[in-house]
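Undergrad: I have a structure here, written as structure tokens, and I will follow up with some questions on it.
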């Protein structure tokens, strides 16, 4: 059986690299070794000392400590004969039974034709999805609008009949819910067009929290910073506010409107100069120097019941929800917005103790572009 498994892995058309939790490379298949000829790594080596060599090794090193692994990542690294090489890869957990013992990277060389073909195929699929969503929205909105009009008409002619008025009111609320889902679906499939401008992060976060306090008086919100240093980041204000609001609203729902949410603002440094998340075209940090870059970190932690381990890997899947009244689109949209800014949205949750979402966004500055 082991010979069959070894044969399958060896003949797999993509590179496979397995790394244990301590950073030790436990397996690399022949195709993977060939792809990485320009920066070869052997079984038994540790990935951490080599994190400074290229972005692929840096992402692998950092991913060992991440709870939510990024997918569909692209990186540029040194190839053979001094050329640059584009690598596309996805990460998954390496498990032994129920225990996570490391991570596994599946990667392909996307340089030249293959990268162009995959990019074009993805664009076509997204375009088709957007067209389907727009068509369905149009077909659904017409009958929904008609139901809403007739519900309003009935309400005006049912004064005194509390039972029927209650039913008509329920119809109106359901119509509003369907319209909201349609809007959110269209927002999700629509490309994120960023209008970047320098923003003081603490001011932006304070404004979002102030609105949440007004809407949810039963919740307690706190914002903490390690120091009083001004943190200015180039972001799309409206989109980042939406992402923060969606995550905070998820925390409120988890706490059933009676809990605590702690928000921490900080800055960390990472090697991420040419990482592209979820097929995003272009460099994340235009004009970067190839050195460590500063990232804004926003930690949002609630004291709710936490997320069950068996559903944690599905929380960013569109329309997946464990709530009776949820749409399952809020967190995927938040993730899409963070990724559009060249960032990462990670999650850590423990049943009975709460959930923490971590946003990391490059601290771009107009003067540095």
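None of the figures in this text is laboratory data; all of them are computed from the coordinates on show. Computed from a prediction, not measured in an experiment: that's the story for all the values here. Backbone-built Cβ (ideal geometry, glycine too); neighbour counts: all protein chains shown.
Undergrad: Using label points projected 7 Å from each Cα along Cα→Cβ, tell me how many nm separate residue 353 and residue 196, to one decimal.
TA: 3.7
Undergrad: Something else: As an exercise, use a Förster radius of 35 Å and the Cβ-Cβ distance of residue 152 and residue 211 to find the FRET efficiency, rounded to the nearest 0.05.
TA: Working from the Cβ atoms, E equals 0.75.
Undergrad: Treat the count of other C-beta atoms within 10 Å as a stand-in for reagent exposure and order 157, 299 from fewest to most.
TA: With the sparsest Cβ surroundings first, the list reads 157, 299.
Undergrad: Could you please rank 170, 219, placing first whichever residue has the fewest other Cβ atoms within 10 Å of its Cβ?
TA: Ascending Cβ contact count within 10 Å gives the list 170, 219.
Undergrad: Continuing with the same structure: I'd like to compare 226-232, 14-20: which one has the highest average count of other Cβ atoms within 10 Å, and what's the full order after that?
TA: So the peptides 226-232, 14-20, ranked by packing, come out 14-20, 226-232.
Undergrad: Sorted by average packing, counted as other Cβ atoms within 10 angstrom per residue and highest first, what order do 256-262, 330-336, 234-240 take?
TA: In descending order of packing, they fall as 330-336, 234-240, 256-262.
Undergrad: Right, another one. Rank-order 208-217, 52-61, 95-104 by packing density, defined as the average count of other C-beta atoms within 10 Å over each peptide's residues, highest first.
TA: 52-61, 208-217, 95-104
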